Each structure stands twice: as structure tokens, then as C-alpha cells.
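We did not get these values from a lab; they are worked out from the coordinates using the rules stated. Remember, predicted model here, so these are calculated numbers, not experimental data. Here the Cβ is made from the backbone with ideal geometry for all residues, glycine too, and neighbour counts use every protein chain on show.
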Amino acid sequence: MVQAVIFIVLAAILIGSALGVISARNPVHSALFLVLAFVTSAGLWILLEAEFLALVLVLVYVGAVMVLFLFVVMMLDIDTTTMRQGFVRYAPLGVVVAAVVVVEIGYVVWTRKLGVTFGTPVTHAAKYSNTRALGDVIYTTYAYPFELAAVILLVGIVAAIALTLRRRPGTRSQNPAKQVRVSAKHGRIRLVKMPSGRSRGGEAP
Amino acid sequence: MTFTLPAFTPAIPEMFVLGMGCFILLVDVFLSDRHRVVTHWLSLATIAATAWLTVTVAENAGLLTFSDMFINDSMGNVFKLFTYLTVALTFLYARDYFNDRNLFKGEFYVLGLFGMLGMMVMISAHNFITIYLGLELLSLSLYAMVALDRDSPAASEAAMKYFVLGAIASGILLYGMSLLYGATGTLDITRLGVHIAEAPDINIGVMFALGFIIVGLCFKLGAVPFHMWLPDVYEGANTPVTLYVGSAPKIAAFALFMRLLVEGLGGLRAEWRTMLIVLSILSMAIGSIVAIVQTNLKRLLAYSTISHVGYILMGILVGTTAGYQAAMFYVITYVIMAAAAFGIIILLARKGFESDRLEDFKGLNDRSPWFAAMMLIVMFGMAGVPPFVGFFGKLYVLRAVIDAGMIWLAVVGVIFAIISAFYYLKVVKLMYFDRAPEGMKPVEASLDMRWVLSGNSLAILLLGVLPGPLMALCARVITF
């Protein structure tokens with residue numbers, strides 16, 4: 001009973017925040033709604049006794065990915081007024097398409113049985129450890145997909161570096177080695193011998 | 001729980017490509033730009049060695065390993081060998097193009113090899129998880145390769161479109177897979193097939209999943225109405241990258257159709273046939289009609305891809321062994337023709353001149369009679385003129401369709417084949433009957449590129465004269 005109440009509350013918040021992600025006017029608010037969605041779905045996973053996954057979701061997605069995301073969103077100068085141009089013009093068409101899709105899916109689902117039986121989630125003994133259960137399979141049964149995921153991350157790194165690291169002629173950057181090697185005698189101060197005298201009418205000395 | 005080490009032998013080619021990809025990545029860092037060609041030859045040597053390894057381990061065909069997530073069967077091995085061939089052609093054609101434009105970077109080769117690894121994983125996948133991971137490995141490499149030319153706004157735009165639409169398609173595919181898992185409780189292809197065959201009636205959850213999976217797959221293959229990314233990516237990307245995107249991944253996507261629809265969801269053949277008929281006719285129609293007004297050859301070839309995808313789907317939707325064999329023959333021959341077509345565009349391109357507009361092909365016969373003849377072979381092949389191999393691809397597919405009793409569909413296919421012949425013949429007309437604009441230089445290219453490209457084009461003629469062996473190969477490996 002308590003679990004059902006917690007589930008309904010968390011599910012309601014999750015759906016609400018997911019709607020917030022796509023409807024908020026300010027992209028920062030959208031990102032924050034997404035954080036809320038992640039945290040509530042982590043709560044749902046804990047209800048399913050998948051506490052390791054829930055914690056990883058909070059640590060990785062909320063703690064790292066979304067923080068980075070927020071930084072990027074705040075750095076971007078997004079002009080929401082230009083993005084909204086044409087919204088009113090295209091809105092009727094969008095509403096019609098969405099309505100058609102909703103009616104179609106609704107028709108299909110309501111006229112036939114869904115045919116899927118929803119069982120109650122498996123409950124485990126008090127000593128059950130989700131972390132251990134995952135650890136048992138991830139490097140054994142699922143070793144191959146695990147390695148593939150690692151390769152995908154490697155490709156991500158290669159792609160990110162290939163696309164961003166390059167020397168542009170116009171940019172100014174420091175060369176630490178050169179800075180360390182500098183000495184007062186060599187190159188830093190240059191003494192120029194100039195003949196003394198007055199410059200003539202307006203010309204540079 | 002006890003752990004037994006999985007058999008590694010069937011996956012040796014994959015492991016070798018992964019290892020060599022990392023090795024080339026490291027070697028490339030220490031190479032100066034002058035010695036960059038080492039990366040080029042090292043990548044080609046890797047592909048050659050992988051092909052040898054694939055042939056060697058093919059003895060163990062039909063072996064499942066890694067908890068049944070990986071399958072090494074003869075169908076997959078044939079697909080893999082043709083994938084290696086097209087990736088190797090891409091690398092060979094790309095060298096001079098990138099050299100001319102100061103884009104000759106090791107990343108192209110490394111991403112190309114990792115993309116090839118993704119295709120191998122897709123081809124050998126026997127579980128939804130590996131299908132998805134292989135697809136993502138390929139897609140991520142492709143997005144990055146399209147974006148590699150950072151100074152070109154068109155390439156960046158193409159990469160962005162491809163990335164966003166590709167991510168949505170992956171999401172849709174994943175959603176379909178999760179629905180299917182919810183309905184059947186398994187991610188394994190064979191067990192899924194058994195489950196669906198034994199199910200008393202088709203439930204709506206599975207049908208939903210089927211719809212999502214077909215949308216995801218058709219996006220990757222480029223069937224109408226999921227084709228929007230194709231012309232922009234083909235036109236915006238550098239021509240060698242277009243060649244990569246437009247050739248080998250089609251083989252891998254076809255392998256996914258075979259694994260997912262035929263092996264996994266074969267029990268729902270009557271359901272997906274109706275969906276594929278619509279997609280196939282739409283693809284042939286849009287691909288044939290919209291291509292007529294194109295002025296950019298890369299865009300034209302993109303629409304031609306879309307219409308060819310229609311014929312490939314036609315072979316699949318028949319649902320008979322002969323249909324699958326015809327579709328496989330079609331995919332392989334199409335990929336060879338596409339490689340030659342983009343190869344010729346690369347050959348004619350020079351620094352600051354992409355040679356991808358139709359008018360750039362005016363009077364090619366005066367500039368280089370030999371390569372005009374090669375382009376003629378490619379265009380006739382794509383149009384399906386006998387004795388070139390495109391004719392036999394269409395013939396086998398249409399024969400399978402007629403044998404299955406869908407004569408009206410075959411008629412539709414023939415009508416669109418005739419419409420599409422118009423724009424292929426237009427290219428031929430431009431090459432032979434128009435005068436070259438003033439100031440066009442004669443064609444220059446390195447010796448290896450000339451030889452390989454000529455061989456690639458002549459293969460279209462040769463396979464057309466002797467289609468028997470390749471068809472026999474397709475017939476041997478497809479036994480569903």
C-alpha cells in the first residue's frame with residue numbers, strides 16, 4: 001500500500017517534470033526539470049530494488065552529465081524569441097498531426113486487448129544485493145556488450161578530439177615551455193641604440 | 001556462479017580490427033604529415049588481414065558465442081567480406097582527395113575502421129543489445145566523419161541533421177526493442193523467433209514494437225518517408241565520406257533486416273509485408289521522380305539510393321527464400337555500383353573544385369574517354385540496362401515478386417525503373433553529346449586509383465555478364 005502511494009507520487013512527478021522539460025520557455029528550466037525527472041526515476045528504480053542503478057543514475061546523470069549540460073546551456077546565448085518564430089504559424093498543423101497520431105494509437109489500443117500481462121515486481125530476500133547481482137553478470141554474460149560500449153566511448157573520445165582540437169592561425173595561446181625558458185638576457189629585453197635628436201616635423205622618430 | 005570462458009575464435013576478426021584500430025590511432029599520433037600515408041597503407045593492410053582472418057574462421061560457421069550474443073554464420077561472413085571490400089575502396093579513393101585539401105588526417109581512417117567494426121558487430125549480432133551497440137558504434141563514427149571537414153558549413157549542417165535525426169531513429173528502434181522485450185521476455189533473436197512462432201495470437205504490444213523497429217531500420221536504410229537526411233548528408237559531406245556513408249552501411253542495414261525481421265520476427269511476416277509494400281513503393285516513387293530535377297550529382301545519387309532501397313525492400317517483403325537471395329544480390333551489386341559512382345566523382349574532383357554538379361560532367365568523353373566509358377558502365381548498371389549487373393539485380397527481385405503472385409507490384413517496380421532510367425541516361429548524354437566548358441583540365445589521378453576504379457567499374461560489367469557465381473553464393477548462404 002505504502003509502496004503504491006510512493007509509486008503514484010513519484011510517477012506523477014516524473015510525468016510532470018518530463019512535460020516541463022519540453023514546455024519550459026527557458027532552456028535552463030528545461031535542464032532543471034530534466035534533473036528532477038532523473039531523480040524521480042531513480043526513486044522508481046529503488047522501489048524496484050535496483051538500488052545500484054538508481055545511485056548510478058543520480059551520480060552520473062544528475063551529478064556529471066546534467067551539470068555539464070547546464071553549463072553549456074548557460075554559456076549559449078539562446079535567443080528564445082527567434083526560436084519561437086513561426087510557432088503560431090506551424091502550431092495548427094502540429095496540433096492536427098498530434099491529434100491524428102493520438103486518435104490512431106488510442107483506437108488501436110482500445111479496440112484490442114493490449115495482451116501483455118503486467119506481473120508484480122519480483123521481491124527479494126533481505127540479504128539481496130542488486131550490486132552483486134549486476135556484478136555477477138556484467139563481466140561474464142554481458143562481457144561482449146560491455147566491451148562494445150567501451151569501444152563506443154573510445155570512438156566518442158576520438159570524434160570529440162578530432163572535431164575540436166586544431167590549431168587555428170588567428171587564435172592566441174600560451175606556450176608554457178617557451179615561457180619557462182625565457183631569460184632576461186636572451187630575447188626578453190632588447191636594447192636598441194637610437195641616435196638622439198629631435199624628430200622632424202611630424203615623422204615618427 | 002561459475003564462469004566459463006567464452007569461445008573467442010569466431011570473433012577473432014572483430015578483435016583484430018579493434019586492436020589494429022587502437023594501434024593505428026597511436027601510430028598516427030607520432031607521424032608527421034609527410035608520413036601520413038603510413039596510416040593509409042596500415043589501414044588497408046588491416047582490412048586485408050581481417051578478410052583473411054574472416055575466411056579462416058569461416059570454418060566454424062554457425063557458431064554462437066559470448067552467451068549467444070554473437071553469431072558466426074556464412075551469411076554474415078559473406079556480408080562482412082563485401083563490407084571490407086567497400087571500406088577498402090573508400091580508403092583507396094579518399095587518399096588523393098584529402099591530400100589535395102589538407103584534410104589527410106588519421107582520424108578518417110581510425111573512424112572508418114571503427115565504423116567497419118560497428119558494421120561487423122551488426123552483421124554478427126544475435127541479440128538486441130549487440131544489434132543496438134553495433135548500430136551506435138557505426139552511427140557515431142559516421143556522424144564524426146561527416147563533420148570532419150570543419151571549415152565547410154555544408155558538412156557541419158549535414159552532420160548536425162544526421163546526428164539529430166539519427167539519434168531520434170536510434171531512440172525509436174530502442175523503444176521498439178524494449179516493447180518487444182516487455183511482450184516476449186527475451187532479447188535473443190532465436191528465442192524471440194520461437195516465442196513469436198508459438199504465440200497463439202499476435203498481441204498488440206508486439207505489433208507496436210514491430211512498427212517502431214521497422215521505422216528505426218528504414219531510417220538507417222534510407223527508405224521513404226524516413227529519407228530526409230539522405231540528400232543533405234550526401235551533398236554536404238566530403239565525397240569520400242559520402243562514399244563511406246552510402247556504401248558499406250547499406251550491407252549492414254540489410255543484415256539487420258535479415259536478423260531482426262526475418263529471423264526474429266519471421267512469424268509476423270504477413271504484418272510487416274504490408275508495411276514494407278507501402279515503404280517500398282513510396283521509396284521507388286520519390287527516389288525516381290525527385291531525382292529528375294536534381295542538378296547536383298551527389299544529390300541525384302542520394303535519390304537514386306532511395307529508389308534502390310525500394311527494390312531491396314521489395315525483395316525482402318516477398319518473404320520467400322528466393323526473395324531474400326534476390327535482395328542480397330541487389331544490395332551487394334548496388335554497393336559495388338555506388339562505390340564506383342562516387343569514386344568517379346572523387347577522381348574528377350580537384351582542389352577547390354568538387355566536380356559534383358551535373359554540368360561538370362559535360363563533355364567528359366573529350367577529357368577522358370576511358371573514364372567516361374567507366375561512368376557509362378556505372379550509369380547503365382544503376383539504370384538496369386543489360387548486360388550490366390544492375391539489370392540482373394532488378395530481374396531477380398522482380399522474378400521473386402512475380403513468383404509470389406504480386407504481379408501488380410512488379411509492374412509498379414518496372415514503371416519506376418523506366419522513370420529512373422531517364423536521369424541516368426541524362427548523365428550519359430551530358431558526357432557524350434555536350435561540349436566541355438572552357439578551361440576544363442584533363443583528368444589526373446594517381447596510378448593505383450585509376451587501376452582500382454577501372455577494376456571496380458569493369459566489375460559491374462563482368463558481374464553482369466556472369467551473374468551466376470554471385471547469385472549462387474547468395475543462394476548458398478541464405479537458407480531461411
Restricting to DSSP H runs of at least four residues, report the calculated mean residue ellipticity at 222 nm for chain B, -39500 (n - 2.57) per run over all residues, nearest 500 deg cm²/dmol. -24500 deg cm²/dmol
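On average, how many beta carbons from a partner chain sit within 10 Å of the beta carbon of a residue in B:139-146?
3
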Taking each full run of DSSP H in chain B as one helix, which ones are at least 24 Å long along their axis (Cα atoms) and have mean Kyte-Doolittle hydropathy of at least -0.5? B:12-29, B:37-57, B:74-100, B:106-123, B:128-147, B:153-184, B:204-221, B:269-290, B:297-318, B:321-348, B:407-433, B:447-465
Once the in-chain neighbours fewer than 8 apart are removed, the lysines whose Cα is under 22 Å from B:K80 read B:K220, B:K250
Just want to confirm a number: the relative contact order over region B:268-383, from Cα pairs under 8 angstrom separated by 6+ residues, in percent. 22 percent
What percent of all Cα-Cα pairs in region B:27-164 falls into each 10 Å bin, going from 0 up to the bin containing the maximum distance? 12, 35, 33, 17, 3
Most exposed first, judged by fewest Cβ atoms within 10 angstrom, B:V29, A:V39 run B:V29, A:V39
FRET efficiency for A:I15 and B:L63, using Cβ-Cβ distance with R0 set to 56 Å, rounded to 0.05: 0.75
Rounded, prolate or oblate (a/c below 1.5 giving rounded, otherwise prolate when a/b exceeds b/c) for region B:398-480 by Cα gyration tensor: oblate
Would you kindly state how much longer the chain becomes between A:F146 and A:V72 on full extension, computed as 0.36 nm times their sequence separation minus their alpha carbon distance, in nm to one decimal? 23.7 nm
Which trypsin sites (Lys or Arg not before Pro) in region A:119-184 pass both tests, a DSSP loop state and at most 16 other beta-carbon atoms within 10 Å? A:K127, A:R166, A:R167, A:R172
Contact order relative to length for chain B, counting C-alpha pairs under 8 Å separated by 6 or more residues, stands in percent at 14 percent
Spin-label zone in region B:244-266 - amide nitrogen under 13 Å from a point set 7 Å from the Cα of B:A197 along the C-beta vector: B:262-266
Mind ordering B:65-71, A:143-149, B:392-398 by average Cβ neighbours within 10 Å, highest first? B:392-398, B:65-71, A:143-149
At 0.36 nm per residue, and after removing the present C-alpha to C-alpha distance, how many nm does the segment from A:A4 to A:I138 gain when stretched out fully? 45.2 nm
For chain A, which DSSP H helices look membrane-span-like by this rule: Cα extent along the axis of 24 Å or more and mean Kyte-Doolittle of at least 1.0? A:2-23, A:27-47, A:87-111, A:143-164
Any idea how far apart A:A98 and A:I161 come out in nm if each label point goes 7 Å out from Cα toward Cβ? 4.4 nm
Hey, got the dipole for chain B? About the Cα centre, +1 on K and R Cβ, -1 on D and E Cβ, debye to the nearest 20? 780 debye
What does the charge add up to near B:S170, with Lys and Arg as +1, Asp and Glu as -1, over the other residues with Cβ less than 15 Å from its Cβ? +1
Beyond a 23 Å Cα-Cα separation, which of these cross-linked pairs lie in this structure: B:K105/B:K351; B:K161/B:K429; B:K105/B:K441? B:K161/B:K429; B:K105/B:K441
What distance in nm lies between label points placed 7 Å from Cα along the C-beta direction at A:L59 and B:C22? 2.4 nm
Using the Kirkwood radius over Cα pairs, work out the Stokes-Einstein diffusion coefficient for region B:72-140 at 4 °C and 1.567 mPa s, in µm²/s as a whole number. 100 µm²/s
If r is the Cβ-Cβ distance from A:T171 to B:E438 and R0 is 60 Å, what FRET efficiency results, to the nearest 0.05? 0.90
For chain B, max minus min Cα coordinate along each principal axis, in Å, sorted largest first? 71, 58, 41
Cα-based reach from B:K426 at 20 Å (exclusive), listing aspartates and glutamates while leaving out same-chain residues under 8 positions away: B:E235, B:E354, B:D356, B:E359, B:D360, B:D366, B:D434
Report, for the protein assembly as shown, the % of DSSP beta bridges that are antiparallel, rounded to 5. 90 percent
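Can you work out D for the protein assembly as shown in µm² s⁻¹ from Stokes-Einstein, where Rh is the Kirkwood radius over C-alpha pairs, the temperature is 37 °C and the viscosity is 0.692 mPa s?
118 µm²/s
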Counting other C-beta atoms within 10 Å, which of B:T321, B:T239 has the fewest, and how do the rest follow? B:T321, B:T239
Run the paramagnetic zone check for B:M160: 7 angstrom along Cα to Cβ, then residues of region A:132-169 with backbone nitrogen under 17 Å. A:163-164
Mind sorting B:M160, B:M314 by how few other Cβ atoms lie within 10 Å of their own Cβ, fewest first? B:M160, B:M314
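Roughly how compact is chain A, stated as its Cα Rg over 2.2 N^0.38 Å to two decimals?
1.81
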